[in-house]
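To start, the structure itself, in structure tokens.
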Amino acid sequence: MYSSDFNSKSKLVLSKSLNFSDKKIKLIEIFVKEVLNYNKKYNLISKSSEKDIWKRHVLDSAQLVNYIDHKNFNSLSDLGTGGGFPGIILSIFFNDIIKFHVKLYDKSKVKVKFIKYIIKKIKLRNVDIYDNDYQSHILDTEYIVCRAFKKLPEILRISRETHKKSHKLIVMLGKSAQDEINKASKGLIYKYKLVNSITSSDSKILLVDVKK
């Protein structure tokens, strides 16, 4: 189904560069197996990305741990988590940090059902999935992450108007990232940083410090 070469290389990066333990990588293996199995009937990820799931989805999500300060902050929201990327990957990484809490939001009942199944199957204790979207809840976490969620202006609006307190915003963007930022940030005074993704030279990660 997917390349063993991508598999082994991605696991090596998870272990050596991102500090995922063997136990956590085994949990990801279970998660990946379930995603691919579920994807036979439902569209959790694109069919074309199945063979490259470890790089395109797992590693792409996992790299966000580099930008989350779990020693000084203890909560995170993943808006539009879909099949659990990056939310479940991050939940696995932070699962042994008792005070760290992850909130996942998605409006697809199919995807929410799958996420609930995964949380129970691999015994994640620090995560909740909400069976309707973020608009039905109060956003109050210290981080917001977005991967393939909405266009940047809408994400910034949600961050600015819906969230109740100062927070860190992490948005995964494509090759037109700087143009998107230039257009979306007119009139805004947020501090931001744009960093390179480790999975694609065309991809960027936007880090925004949102002050209230």
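The values are calculated or read from the model by the stated rules, or taken from the named source; none is laboratory data. Please read all numbers here as calculations on a predicted model, not as lab measurements. Neighbour counts run over all protein chains shown; Cβ positions are idealised from the backbone, glycine included. The area values use the complete protein model at the heavy-atom level, side chains included, leaving out ligands, DNA and RNA. Shrake-Rupley method; radii C 1.70, N 1.55, O 1.52, S 1.80 Å.
The structure-derived value of P(r) over Cα pairs in 10 Å bins from 0, in percent appears in the list (1) 8, 36, 39, 16, 1; (2) 8, 30, 30, 21, 9, 2, 0; (3) 9, 33, 27, 17, 10, 4, 1 under the label (1). Calculated accessible area for the chain comes out at 52 Å² per residue, all protein chains present (probe 1.4 Å; ligands, DNA, RNA ignored). Dipole check for segment 110-212: with +1 at the C-beta of Lys and Arg, -1 at the C-beta of Asp and Glu, and the Cα centre as origin, the magnitude is about 240 Debye. What value, in deg cm²/dmol to 500, does the helix sum -39500 (n - 2.57) over DSSP H runs of n ≥ 4 give at 222 nm once divided by the residues of the chain? -10000 deg cm²/dmol, from helical runs alone. Only Cα pairs under 8 Å and 6+ residues apart enter the sum, and on that basis the relative contact order of segment 1-138 stands at 23 percent.
Relative to the longest principal Cα axis of the chain, at what angle does helix 152-161 sit, 0 to 90 degrees, rounded to 10? Result, in degrees: 70.
Here the label points at TYR117 and SER136, each 7 Å from Cα along the C-beta direction, are separated by 2.0 nm in the simple model.
Considering the zone a paramagnetic label at ASN196 would reach in this model (a point 7 Å from Cα along the Cα-to-Cβ line), which residues of segment 61-96 have amide N under 20 Å from it? Within reach of a label on ASN196, which here means backbone N under 20 Å from a point 7 Å along Cα→Cβ, segment 61-96 contributes 61-68. With the alpha-carbon atoms of segment 89-212 aligned to their principal axes, the span from lowest to highest coordinate is 43, 33, 29 Å, starting with the largest.
Taken over segment 1-113, the percentage of Cα pairs per 10 Å bin, counting from 0 up to the bin with the maximum distance, is 14, 47, 33, 6, 0.
Compared with the dominant Cα axis of the chain, that is its longest principal axis, helix 109-121 is turned about 60°. For the chain, the longest principal axis of the alpha carbon atoms and the long axis of helix 4-16 meet at an angle near 60°. Ligands, DNA and RNA left out, the 1.4 Å accessible surface of segment 7-100 is 51% carbon and sulfur atoms.
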